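Have a look at the structure below, then the notes.
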Amino acid sequence: MNAFSQAVHSEEPSILVGMANSSSMTGDADLVTVESRFGVFEFDRKLCITMPKGLLGFSNYRDFGVTAIPNEKLAPLLLLQSIEAAELTFVVRPLDTTTGLIEEQDIASAFEAQSIDRKSGVALLLTTFHRTSEGLQQSVNLRAPLLIDSDSRQAWQHIFRNDRYDVRHML
């Protein structure tokens, strides 16, 4: 497991790929400041994730930083922030393979289909919040996880072709 994978799965993923204050940053950083609805973030373009095909419905946006939400109470949720459009931010959560939300052989096949070494691969689930009579609830998209090759800093949204996984799985 490399540094990005460890940060995503840590209890406090305060510094992740693309963050300008990352310990791996050098003096030749290419910084971009993004003022999103979640706060102001500074990312190093060289450390950001590139999505060659973009996300479903957002294929024109390819470069993203990943950072912790600036509210410790919301851990393990993360932000997938476009560095091209400040208004384009997704809430994501790392896939915990021990929960069985996605079967291990399916997630392994998904990484293989994207040519991602499982040791450097990270799966994130797009997360949505819903107001209900019982309060705020979360759902995750199990049908189309985001698969990141943390070594190459490239990512793809993998779409499972079966109907075993819900687009809106309530947590």
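The values are calculated or read from the model by the stated rules, or taken from the named source; none is laboratory data. What you see is a predicted model; the values in this text were computed from it and never measured. Cβ: placed from backbone, ideal geometry, glycine included. Neighbour counts: every protein chain shown. For the accessible areas, the whole protein counts, side chains as well, though only heavy atoms, and no ligand, DNA or RNA atoms are used. Shrake-Rupley method; radii C 1.70, N 1.55, O 1.52, S 1.80 Å.
Here are the numbers for the structure shown:
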item: Hits in the range 51-72 - residues which are under 11 Å from the mean Cα position of the chain (by Cα) and of a type in the set (Gly, Ala, Ser); result: Gly65, Ala68
item: Failed condition for Thr67, given (1) open to solvent by less than 10 Å² (accessible area, probe 1.4 Å); (2) outside any helix (DSSP H, G or I); (3) at pLDDT 90 or above; result: (3)
item: Matching residues in the range 94-117 - criterion: being on the phi > 0 side of the Ramachandran plot and open to solvent by 80 Å² or more (accessible area, probe 1.4 Å); result: Ser115
item: Test: residue in the range 150-160 that is within 21 Å of Arg62 (Cα to Cα), open to solvent by 80 Å² or more (accessible area, probe 1.4 Å) and not aliphatic (A, V, I, L, M); result: yes
item: Some residue of the range 108-121 being modelled with pLDDT under 95, within 21 Å of Val66 (Cα to Cα) and in a strand (DSSP E or B); result: yes
item: Single unsatisfied condition, Gln105 versus (1) within 16 Å of the chain's Cα centre (by Cα); (2) modelled with pLDDT of 90 or more; (3) farther than 24 Å from Ser36 by Cα; result: (1)
item: Residue in the range 3-24 that is at positive phi, modelled with pLDDT under 80 and assigned to a loop (DSSP other than H, G, I, E, B) present; result: yes
item: Residues located in the range 111-155, provided they are in contact with a Pro (Cβ under 7 Å, 6 or more places away or on another chain) and more than 20 Å from Ala75 (Cβ to Cβ); result: Gln154
item: Test: residue in the range 151-164 that is of a type in the set (Lys, Arg) and either at pLDDT 95 or above or closer than 22 Å to Asp44 by Cβ (or both); result: yes
item: Some residue of the range 89-106 being in contact with an Asp or Glu (Cβ under 9 Å, 6 or more places away or on another chain) and small (Gly, Ala, Ser); result: no
item: Given (1) loosely packed, with under 14 Cβ neighbours inside 10 Å; (2) among the charged types (D, E, K, R); (3) assigned to a loop (DSSP other than H, G, I, E, B), index of the condition Arg131 fails; result: (3)
item: Selection status of Leu101, over 30 Å from Asp30 (Cβ atoms), in contact with a strand residue (DSSP E or B) (Cβ under 9 Å, 6 or more places away or on another chain) and outside any helix (DSSP H, G or I); result: yes
